[in-house]
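What follows is a set of notes on a single structure, which appears directly below.
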Amino acid sequence: MAKTKIIVDSTSDIPPSWLEKYDIDMVALHVNWPDGTSEPDDTRKSEELKDFYQKLSLAEKLPKTSQPSIKQFQDVYMKALNDGYDSILVLTISSKMSGTVNSAKLAASEFDIPIEVVDTKMASSVVALMAKYARELSNEGLSVKEIAEKVMEKRFGGGFHAIFFVSDFNFLVKGGRVNRFTGFVGSLLKIRVGIYINNEGEMIPFEKARGAKKAYAMILNKMEEEGIKIGQDIGLIGVHCDNMEDIKEMVKLLEERYNVKYIDYANTGKVISTHVGIGMAGFGIEVL
């Protein structure tokens with residue numbers, strides 16, 4: 001049976017235990033501060049990420065972020081080759097948000113083994129869910145090409161969703177990662193803005209809510225709008241930027257409405273945190 005290595009980039013906000021559990025490797029993007037210093041987005045440890053959140057909240061000017069180099073991907077491909085894998089699946093953040101997919105593809109052209117590089121048209125923990133699904137398909141004996149096709153078939157068939165809210169919309173405005181701002185810019189103090197990722201792989205603001213309870217209802221309503229029917233079997237990753245409190249409250253509501261088959265949690269990594277800001281909370285959702 002073919003042995004496939006699965007690789008994600010660090011914006012996948014993958015729960016730390018999943019890297020080993022589903023045999024996944026991660027390639028880091030970078031955070032570049034205005035003073036010229038740069039740091040890799042290479043940790044999934046909550047203590048280290050909390051330090052980063054603190055640094056981010058105190059920053060006068062936000063850092064920029066950059067994609068991994070071609071060499072970073074070449075190094076991880078070579079490691080997979082040396083470890084005995086005979087094919088590689090790479091799941092990257094949406095090309096509408098980053099050029100990461102280009103680095104992965106250029107690196108792949110140097111190798112003879114089958115490497116499928118997939119632009120997921122998604123971001124954050126949904127990519128981790130897609131990687132989990134890919135591993136399940138791999139365990140069934142599918143080829144890397146078949147796995148890539150089935151993952152995207154499910155993605156465009158409504159099998160994966162990213163729905164969340166940000167508590168400080170200014171991060172997304174300053175980072176230039178959200179379009180269609182109309183009606184969302186202005187005084188957004190204490191207002192949570194709901195965001196989802198559409199089929200083109202863009203982050204789209206869909207509603208504003210003042211106060212926690214209205215924000216939770218906004219997320220639940222959007223799930224139904226996206227075709228996730230009440231009572232359906234789902235899997236979840238609760239992903240947040242220093243806001244586990246809101247995640248826990250929303251999980252209670254989700255468990256009342258849906259048959260939650262599995263749930264895990266993740267902090268946003270450095271790159272995603274830089275764009276969504278402190279207080280973001282939401283879910284990567286797999287419809288089972």
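Below, the figures for the structure above:
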item	result
Lone qualifier among Gly235, Gly201 - being touching a residue at least 40 places away in the same chain (Cβ under 8 Å), in a loop (DSSP other than H, G, I, E, B) and open to solvent by less than 10 Å² (accessible area, probe 1.4 Å)	Gly201
Residue check, Ile228 open to solvent by less than 20 Å² (accessible area, probe 1.4 Å), of a type in the set (A, V, I, L, M, F, W, C) and assigned to a loop (DSSP other than H, G, I, E, B)	yes
Options Tyr196, Tyr265: the member that is open to solvent by 70 Å² or more (accessible area, probe 1.4 Å) and of a type outside the set (D, E, K, R)	Tyr265
Residues within the range 238-257 that are buried (at least 16 other Cβ atoms within 10 Å of the Cβ), farther than 17 Å from Met280 by Cα and among the aliphatic types (A, V, I, L, M), tallied	1
Qualifying residues in the range 7-37 (those that are exposed (fewer than 14 other Cβ atoms within 10 Å of the Cβ) and in contact (Cβ under 8 Å) with a residue 24 or more places away in the chain) - the one farthest from Phe73 (Cα to Cα)	Pro34
First in the range 98-126 and among the hydroxyl-bearing types (Ser, Thr, Tyr), second anywhere and open to solvent by 30 Å² or more (accessible area, probe 1.4 Å), Cβ under 6 Å, 6 or more apart	Ser98/Gln67; Thr100/Gln67; Ser103/Gln67; Ser103/Ile70
Some residue of the range 50-67 being within 29 Å of Glu153 (Cβ to Cβ) and either surrounded by 20 or more Cβ atoms within 10 Å (Cβ to Cβ) or of a type in the set (Val, Ile, Thr) (or both)	yes
Residue, farthest from Leu288 (Cα to Cα), within the range 207-225, restricted to residues that are without any contact (Cβ under 8 Å) to a residue 24 or more places away in the chain and open to solvent by less than 50 Å² (accessible area, probe 1.4 Å)	Gly211
Meets criteria (open to solvent by 10 Å² or more (accessible area, probe 1.4 Å) and touching an Asp or Glu at 6+ places or on another chain (Cβ under 8 Å)) for Lys79	yes
Unmet criterion (only one of (1) open to solvent by 10 Å² or more (accessible area, probe 1.4 Å); (2) modelled with pLDDT of 95 or more; (3) over 20 Å from the mean Cα position of the chain (by Cα)) for Thr4	(1)
Any helices (runs of 4 or more DSSP H) falling wholly within the range 35-139 and containing at least 1 residues that are in contact with a His (Cβ under 8 Å, 6 or more places away or on another chain) and under 18 Å from Ser12 (Cα atoms)	125-139
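The values are calculated or read from the model by the stated rules, or taken from the named source; none is laboratory data. Because the structure is predicted, anything quoted here is derived from the model rather than measured. Every residue, glycine among them, receives a Cβ derived from its backbone with ideal geometry; neighbour counts consider all protein chains shown. When the accessible area is computed, the model is the full protein with side chains, heavy atoms only, and any ligands, DNA or RNA have been set aside. Shrake-Rupley method; radii C 1.70, N 1.55, O 1.52, S 1.80 Å.
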